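Visitor: This is the structure I want to talk about, given as C-alpha cells.
The values are calculated or read from the model by the stated rules, or taken from the named source; none is laboratory data. Worth saying up front: this structure is predicted, and the values here are computed from it rather than measured. Glycine gets a Cβ as well: all are built from the backbone with ideal geometry, and neighbour counts include every protein chain shown.
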Amino acid sequence: MRRLLLLLLETVRQLRSRTVKRTVLLAAVGDVNSPATWSGIPFHFLQAARGAGLINQGLALSASGRDWRIRRLAWNARSVLKGDHHGGYQYSPGFLERLWERDRRRLGGSVIVNCFQLFPDSIVLDSTIEKWFFIDQTLTQLFDFYGERRKIGSSIAADAVAREREGYLASAGVIAHSRWAADNVIFGYGVPPEKVHVATPGASLDEAEYECWERERAKEPRRAPNRPEELRLVFVGKDWRRKGLDRLLAAFGLARKLGLRATLRVIGVARRAIPAKYRDCDGVEWAGFIDKRNHASEFINAVASCDLGCLLSRAEAGGIAFREYHALGLGALGSNVGGAAEHMIPEASLLMPPESSDEEIARALLALQREPERLLSMRRHAWERRRTALWRESISRLMTFWPHAPD
C-alpha cells in the first residue's frame with residue numbers, strides 16, 4: 001500500500017512539474033556551499049550547475065556543533081541499551097527530520113537534488129517536492145563494500161536501506177556517479193531503469209586557479225611530457241587505510257630496492273598517522289594537508305609537477321583523486337574496485353586487480369621505468385582529454401536528461 005501511495009504521489013508530481021517553473025536546490029548532509037563537505041563534490045557541483053542555470057541555490061544543512069554532538073551521543077547510548085550497535089545516527093529518521101527542520105517550510109513546490117541517499121520521510125511523502133538523488137553508491141554498497149554494516153549493525157542498516165528504496169521509488173530520478181552504482185539502484189532496489197542515470201563528477205579543483213595553470217602551461221611551446229629521469233609519483237587522500245597508502249608505500253619501497261628511480265609525494269596524510277614501519281621509506285615526501293580552497297594554486301602545482309597519480313584503494317565508490325590527476329595531465333595507477341575505473345581515462349591509466357600483492361605493484365612500477373614510452377603515452381592521453389575530467393563535462397552529461405534545463 002505504501003509503495004502504491006508513493007507511485008500515485010509521483011504521478012501527481014510529474015503532472016505539476018510540466019507546467020510550473022520551480023526553484024532547484026542542492027542538498028547534502030552538511031553545507032553544500034562549503035568545499036569541506038564530502039570531498040568538495042557538492043560545492044563544485046553547485047558552482048558548475050549554478051553557472052549553467054541548472055541549480056538555483058545550495059542548502060546549508062549543518063549537523064555540527066555541541067547540540068548535535070549531544071544528540072548523537074544520546075542516540076548511540078539508547079542504541080547500545082537496546083542491544084543494537086553503536087553508530088548509524090545519520091541514517092535515523094529522527095536525525096534526518098531534525099537536519100532538514102530549519103528549511104522544511106520553504107521547500108514546498110521546489111526541486112531538490114540530494115547528495116545523500118536518504119530524505120526525511122516527510123519529504124519523501126510530500127508530492128509537491130520533486131526529488132532527485134546524486135550518489136556515489138547506494139547504502140547497500142556503502143554498508144557492505146566499505147564495511148559499515150559491521151559498525152552500525154544489521155537492524156539499523158536494514159531499516160536505512162528500506163527507507164532508501166522508498167525514497168528512490170518516490171523520486172523523479174537517481175543520478176549515479178558510475179554504472180557500478182546505477183546497476184545496484186536498478187537491480188538491487190527495483191528502480192525502473194528509465195529513472196536511473198549516470199554522470200561522473202568532475203575534479204574538485206578551483207576553476208579560476210585551474211584555468212590560470214592551464215594558460216601558463218599552454219604558453220610552453222609543444223608542451224608534452226618529457227622522458228623522466230626519475231618517476232615522480234603522487235598520492236592524494238585522507239583515509240590512508242582504505243585508499244591503500246600502506247600498499248603503495250610497501251610496493252614503492254620494494255621497487256626502489258629493485259632499482260626503481262622514483263620519488264613519492266604524499267598529500268593529505270601526515271607521516272605520524274600511519275604505522276611506524278611505513279614512515280621511513282626513502283624517496284617519500286610528506287607534503288601533509290594542502291587546503292584546496294585557500295591554497296588552490298599550491299595544490300594544483302604539487303600534483304601537476306608529478307608524472308603518475310596513485311590510489312590503490314581497497315574499496316572505492318569512485319575516486320575524485322583520479323579526476324584531479326587526469327585534469328592535471330597525469331597518468332593514473334589505481335585498483336579496479338567499485339566505480340574507480342569509470343573515474344579514469346582508460347588510455348591514461350594502469351588498473352591493478354584489488355588483490356594485487358606488493359610484489360605485483362612493484363613490478364608494475366618497474367615496468368613503467370623499463371618502458372618509458374608507455375608512461376609518456378598515458379600522460380599524452382591525459383593531457384589531450386584533461387577537460388573531460390572537469391565539472392563542465394559532468395554538467396554536459398547531466399543536460400542530456402535533466403528536465404529543468406534552462407530554455
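Visitor: Within the range 37-64, can you find the residues that are free of Cβ contacts under 8 Å to residues at least 40 places away in the same chain and outside any helix (DSSP H, G or I)?
Guide: Thr37, Asn56, Gln57, Gly58, Ala60, Ser62, Ala63, Ser64
Visitor: Answer yes or no: is there a residue in the range 378-394 that is among the β-branched types (Val, Ile, Thr), surrounded by fewer than 20 Cβ atoms within 10 Å (Cβ to Cβ), in a helix (DSSP H, G or I) and at pLDDT 95 or above. Don't jump to the end; show me each part of the working.
Guide: Keep residues of the range 378-394 that are among the β-branched types (Val, Ile, Thr), which gives 388.
Narrowing the set further to residues that are surrounded by fewer than 20 Cβ atoms within 10 Å (Cβ to Cβ) leaves 388.
With in a helix (DSSP H, G or I) added as a condition, the list becomes 388.
From what is left, the residues that are at pLDDT 95 or above are 388.
Yes, there is a match, as at least one residue in the range 378-394 is among the β-branched types (Val, Ile, Thr), surrounded by fewer than 20 Cβ atoms within 10 Å (Cβ to Cβ), in a helix (DSSP H, G or I) and at pLDDT 95 or above.
Visitor: Which count do you get for residues in the range 118-154 that are of a type in the set (Gly, Ala, Ser) and closer than 30 Å to Val24 by Cβ? Steps first, answer last, please.
Guide: In the first step, residues of the range 118-154 are kept if they are of a type in the set (Gly, Ala, Ser); the result is 122, 127, 147, 153-154.
From the residues that got through so far, the ones that are closer than 30 Å to Val24 by Cβ too are 122, 127.
Total satisfying the criteria: 2.
Visitor: Quick one: Glu347 ticks every box in (1) in contact with a helix residue (DSSP H, G or I) (Cβ under 6 Å, 6 or more places away or on another chain); (2) surrounded by 17 or more Cβ atoms within 10 Å (Cβ to Cβ) except a single one, so which number is it?
Guide: (2)
Visitor: Being part of a loop (DSSP other than H, G, I, E, B) and either without any contact (Cβ under 8 Å) to a residue 60 or more places away in the chain or of a type in the set (D, E, K, R) (or both) narrows it down to one residue among Asp67, Asp84; which is it?
Guide: Working: Asp67 fails: part of a loop (DSSP other than H, G, I, E, B).
Step by step, each of Asp67, Asp84 is checked, and only Asp84 is part of a loop (DSSP other than H, G, I, E, B) and either without any contact (Cβ under 8 Å) to a residue 60 or more places away in the chain or of a type in the set (D, E, K, R) (or both).
Visitor: Confirm whether Ala52 is within 28 Å of the chain's Cα centre (by Cα) and buried (at least 18 other Cβ atoms within 10 Å of the Cβ).
Guide: Values: within 28 Å of the chain's Cα centre (by Cα): yes; buried (at least 18 other Cβ atoms within 10 Å of the Cβ): no.
So Ala52 fails the test.
Visitor: On to the next question. Out of curiosity, is Pro354 surrounded by fewer than 21 Cβ atoms within 10 Å (Cβ to Cβ) and at pLDDT below 95?
Guide: Values: surrounded by fewer than 21 Cβ atoms within 10 Å (Cβ to Cβ): yes; at pLDDT below 95: yes.
The answer is yes for Pro354.
Visitor: Mind checking whether some residue in the range 364-373 is free of Cβ contacts under 8 Å to residues at least 40 places away in the same chain and either within 25 Å of Ile41 (Cβ to Cβ) or of a type in the set (Ser, Thr, Tyr) (or both)?
Guide: There is no residue in the range 364-373 that is free of Cβ contacts under 8 Å to residues at least 40 places away in the same chain and either within 25 Å of Ile41 (Cβ to Cβ) or of a type in the set (Ser, Thr, Tyr) (or both).
Visitor: Limited to the range 178-199, what total is found for residues that are surrounded by fewer than 21 Cβ atoms within 10 Å (Cβ to Cβ) and in contact with an Asp or Glu (Cβ under 9 Å, 6 or more places away or on another chain)?
Guide: 3
Visitor: Additional query: Please tell me if Glu220 is part of a helix (DSSP H, G or I) and acidic (Asp, Glu). Let's see the steps before the verdict.
Guide: Values: part of a helix (DSSP H, G or I): no; acidic (Asp, Glu): yes.
Against the criterion (part of a helix (DSSP H, G or I) and acidic (Asp, Glu)), Glu220 does not qualify.
Visitor: Cβ-Cβ distance below 7 Å, separation of 6 or more or different chains: which pairs start in the range 255-271 with a residue that is in the same structural domain as Phe289 (by TED's automatic domain parsing) and assigned to a helix (DSSP H, G or I) and end on one that is surrounded by fewer than 20 Cβ atoms within 10 Å (Cβ to Cβ) and not hydrophobic (A, V, I, L, M, F, W, C)?
Guide: Arg256/Asp282; Arg256/Gly283; Arg271/Arg279
Visitor: Further, regarding this structure: Can you go through Arg227, Arg232, Arg215, Arg242 and tell me which one is at pLDDT below 95, charged (D, E, K, R) and either touching a strand residue (DSSP E or B) at 6+ places or on another chain (Cβ under 7 Å) or not in a helix (DSSP H, G or I) (or both)?
Guide: Testing whether each residue is at pLDDT below 95, charged (D, E, K, R) and either touching a strand residue (DSSP E or B) at 6+ places or on another chain (Cβ under 7 Å) or not in a helix (DSSP H, G or I) (or both) leaves just Arg227.
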